[in-house]
Amino acid sequence: GAGEDQEEAGAPAAGPDVLAREVAWEPYLTARLIGDRELQLIKRYDKQPLAARRALLQEDGPAYVGALVSVLRSVTKEDTVQYVLALLDQMVEDDEGYGELFHQQGPPGGADACTVLLRLLQRQDWLSQEKACNVLAVALSCSPAQSAPQPSAAVPDLMQGFSEASVVDAAPTNGTADDSIPGALLDFICGQLRRPSDTARSVPAALHSLSKVLRARRARELFVEAQGLHLLASVLKDPPASPQTLYEAVLSCWLLSYLPAAVEGMGRLGVPQALGEIARSAQKEKVLRVTVLALRNLLQGLGPEVAAQLTELGTQKVVTNLKLGAWSDEELLEGLEWLGGKMEEALKAEVSSFSRYRREVTSGKLEWSVLHQQGSFWQLNIGQFQANDFQVLRALLQLLRTSKDPTTLAVACHDIGQFIVHHPRGRKVVADLDGKADVMKLMQDPNPEVQKAALLCTQKIMLSKESLSFL
């Protein structure tokens with residue numbers, strides 16, 4: 001539930017204690033730092049239970065937010081600034097829809113409230129920075145230029161009821177909130193991911209805010225421009241232990257997956273492969289769901305090569321196993337079904353691709369890719385080995401004589417063994433090409449992987465066709 005998620009997010013130790021403080025508001029009136037009406041509004045709102053706070057915001061939300069922002073505009077005392085930011089943070093964490101209230105101020109309007117919050121990111125104390133960052137992220141995600149419907153954070157899964165259309169069609173922000181404010185916030189977030197000011201809190205707080213502000217399409221473009229993708233990719237490749245922080249990192253990736261430039265960038269940075277690994281070990285259904293949806297969007301944008309790479313990394317097996325799980329979420333089940341189909345296609349294309357295999361052999365460098373290890377590749381393509389007087393087989397035997405790379409040698413031994421097993425005259429052809437001596441010589445190789453592959457290949461050369469089925 002929502003409570004559990006808050007706990008997982010690892011609320012900063014100072015959060016609850018800050019709200020336990022007693023702030024004397026009257027001196028600020030005496031010093032003319034706030035007006036009479038603002039004082040009344042603040043005193044009416046301060047220390048109220050949740051239901052009462054909600055009722056007051058329902059009645060006149062913009063006025064209460066305006067009064068709190070006016071304190072932040074005028075007062076510099078650390079305790080008070082932290083307290084007011086904690087009140088605003090508590091408000092937007094209760095319901096992100098309250099972010100709209102920041103844009104419903106009288107002139108000079110929402111840009112002013114956001115500018116005040118932006119200025120607080122430069123304060124020296126981390127607590128103020130963290131709270132200001134989160135409040136500003138929510139406010140910007142609710143910018144009026146952002147015509148898309150916004151989800152309510154009261155729902156524990158941030159994206160429930162958040163249609164794909166609202167992600168894709170969110171208008172670019174303009175007007176009051178020009179690029180300078182979201183741009184500066186994203187610079188701050190990227191800075192925290194790059195060089196955390198607070199070892200324990202910077203990264204979780206930055207990802208928490210990022211997953212909110214990226215709902216604005218323009219913010220996604222600015223994040224890509226700010227070189228944010230490689231920072232997010234680094235987080236995904238070394239996933240955070242907290243399920244909530246991991247969820248917010250993948251959620252950011254999902255939001256970015258609706259922007260073609262971001263999809264391309266994430267493809268280059270190996271994000272699909274990182275998501276495949278996250279899917280393998282995800283403990284929580286909501287983490288798995290957003291991972292599968294992000295992966296689906298990326299594969300739709302990146303083409304079959306990436307699906308083939310994921311298949312080689314074993315993601316297809318992961319998806320097959322996950323499909324057996326007792327998941328309640330329709331979108332997750334559909335996503336797994338789609339991924340399974342996509343990888344099946346990729347595997348078929350990969351397995352039938354003899355020309356790709358020929359290119360690899362003639363390049364002189366072999367890897368343990370999916371082609372070598374799929375029995376179906378050998379069954380489908382064994383006839384093609386006869387072309388040009390067994391040209392590809394001759395190239396494999398040549399590698400045994402000339403290559404110094406242990407993996408290449410081991411894969412070549414393996415492939416020669418597969419040729420013997422699948423070709424009706426395999427042993428004779430290899431013997432006629434003097435392959436037997438080359439393979440046996442490698443049984444003395446100093447590398448254990450090469451020794452083992454050479455031994456298995458030698459057994460296939462020595463054993464009769466009938467005995468081969470036991471190997």
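The values are calculated or read from the model by the stated rules, or taken from the named source; none is laboratory data. Keep in mind it's a predicted model, so treat the numbers as computed, not measured. Positions of Cβ are generated from backbone atoms using ideal geometry, with glycine treated the same way; all protein chains shown enter the neighbour counts. Just the protein is used for accessible areas: all its heavy atoms, side chains included, with ligands, DNA and RNA removed. Shrake-Rupley method; radii C 1.70, N 1.55, O 1.52, S 1.80 Å.
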### Query
Mind checking whether some residue in the range 218-231 is crowded, with 18+ Cβ neighbours inside 10 Å, over 27 Å from SER143 (Cα atoms) and in contact (Cβ under 8 Å) with a residue 40 or more places away in the chain?
no
### Task
Check off (1) at pLDDT below 90; (2) within 22 Å of ARG289 (Cβ to Cβ) for SER141 and give me the number that stays unchecked.
(1)
### Task
Restrict the check to the range 195-217 and report whether at least one residue is open to solvent by less than 30 Å² (accessible area, probe 1.4 Å) and basic (Lys, Arg).
yes
### Task
Would you check which residues across the range 315-352 are free of Cβ contacts under 8 Å to residues at least 24 places away in the same chain and not in a helix (DSSP H, G or I) and list them?
LYS323, LEU324, GLY325, ALA326
### Message
Going by what's in this entry, would ARG73 be described as open to solvent by 50 Å² or more (accessible area, probe 1.4 Å) and either outside any loop (DSSP other than H, G, I, E, B) or touching a Cys at 6+ places or on another chain (Cβ under 6 Å) (or both)?
### Response
yes
### Message
Taking the conditions exactly as written (open to solvent by 20 Å² or more (accessible area, probe 1.4 Å), out of contact with any strand residue (DSSP E or B) (no Cβ under 8 Å at 6 or more places or on another chain), within 20 Å of LEU193 (Cβ to Cβ) and not in a loop (DSSP other than H, G, I, E, B)), does GLU277 satisfy them or not?
### Response
yes
#### Entry: Scan of the range 306-324 for residues that are within 18 Å of TRP338 (Cβ to Cβ) and surrounded by fewer than 15 Cβ atoms within 10 Å (Cβ to Cβ), ordered by number
LYS317, THR320, ASN321, LYS323, LEU324
### Query
Does ALA410 satisfy the criteria of being over 43 Å from the mean Cα position of the chain (by Cα) and either among the small types (Gly, Ala, Ser) or not in a helix (DSSP H, G or I) (or both)?
no
### Task
Mind telling me which of the residues LEU33, LEU41 ends up being assigned to a helix (DSSP H, G or I) and more than 38 Å from the chain's Cα centre (by Cα)?
LEU41
### Query
Can LEU293 be described as open to solvent by less than 30 Å² (accessible area, probe 1.4 Å) and under 30 Å from PRO260 (Cβ atoms)?
yes
### Message
For the range 369-381: of the residues being hydrophobic (A, V, I, L, M, F, W, C) and open to solvent by less than 30 Å² (accessible area, probe 1.4 Å), which is modelled with the highest pLDDT?
### Response
TRP378
### Query
Just one of the numbered conditions (1) open to solvent by 60 Å² or more (accessible area, probe 1.4 Å); (2) within 34 Å of the chain's Cα centre (by Cα); (3) touching a residue at least 12 places away in the same chain (Cβ under 8 Å) is not true of GLN384; which one?
(2)
### Query
What is the residue count in the range 325-349 for residues that are at pLDDT 85 or above and either of a type in the set (D, E, K, R) or open to solvent by less than 40 Å² (accessible area, probe 1.4 Å) (or both)?
12
### Lone unmet requirement of (1) open to solvent by less than 10 Å² (accessible area, probe 1.4 Å); (2) within 30 Å of VAL319 (Cβ to Cβ); (3) in a helix (DSSP H, G or I) for LEU366
(3)
### Query
Is it the case that LEU186 is closer than 12 Å to LEU140 by Cβ and not small (Gly, Ala, Ser)?
yes
### Task
Could you give me the residue pairs with C-beta distances under 6 Å whose first residue belongs to the range 265-280 and is farther than 13 Å from ALA294 by Cβ, whose second residue is in a helix (DSSP H, G or I) and of a type in the set (Asp, Glu) wherever it lies, and which are 6+ apart or on separate chains?
none
## Note on the structure
Residue hits (the range 64-83; without any contact (Cβ under 8 Å) to a residue 60 or more places away in the chain and among the aromatic types (Phe, Trp, Tyr)) are TYR64
### Query
With (1) open to solvent by 10 Å² or more (accessible area, probe 1.4 Å); (2) modelled with pLDDT of 95 or more; (3) not polar (S, T, N, Q) as the list, and PRO239 as the residue in question, which single condition is left unmet?
(2)
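A quick yes/no check of all residues on (1) closer than 22 Å to GLU100 by Cα; (2) crowded, with 19+ Cβ neighbours inside 10 Å; (3) out of contact with any helix residue (DSSP H, G or I) (no Cβ under 8 Å at 6 or more places or on another chain); (4) modelled with pLDDT of 95 or more:
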{"site": "GLY1", "(1), (2), (3), (4)": "no, no, yes, no"}
{"site": "GLU8", "(1), (2), (3), (4)": "no, no, no, no"}
{"site": "ALA11", "(1), (2), (3), (4)": "no, no, yes, no"}
{"site": "ASP17", "(1), (2), (3), (4)": "no, no, yes, no"}
{"site": "GLY35", "(1), (2), (3), (4)": "no, no, no, no"}
{"site": "LEU41", "(1), (2), (3), (4)": "yes, yes, no, yes"}
{"site": "LEU57", "(1), (2), (3), (4)": "yes, yes, no, yes"}
{"site": "GLN82", "(1), (2), (3), (4)": "yes, yes, no, yes"}
### Which numbered condition SER355 fails, given (1) open to solvent by less than 80 Å² (accessible area, probe 1.4 Å); (2) in contact (Cβ under 8 Å) with a residue 12 or more places away in the chain; (3) out of contact with any Asp or Glu (no Cβ under 8 Å at 6 or more places or on another chain)
(2)
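Table: residues versus (1) over 21 Å from LEU236 (Cβ atoms); (2) at pLDDT below 90; (3) of a type in the set (Ser, Thr, Tyr); (4) open to solvent by less than 30 Å² (accessible area, probe 1.4 Å).
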site	(1), (2), (3), (4)
MET266	no, no, no, yes
VAL271	no, no, no, yes
GLY303	no, yes, no, yes
VAL351	yes, yes, no, yes
ARG359	yes, yes, no, no
### Hits in the range 423-445 - residues which are assigned to a helix (DSSP H, G or I), open to solvent by 40 Å² or more (accessible area, probe 1.4 Å) and over 15 Å from GLN459 (Cβ atoms)
LYS428, ASP432, ALA437, LYS441, GLN444
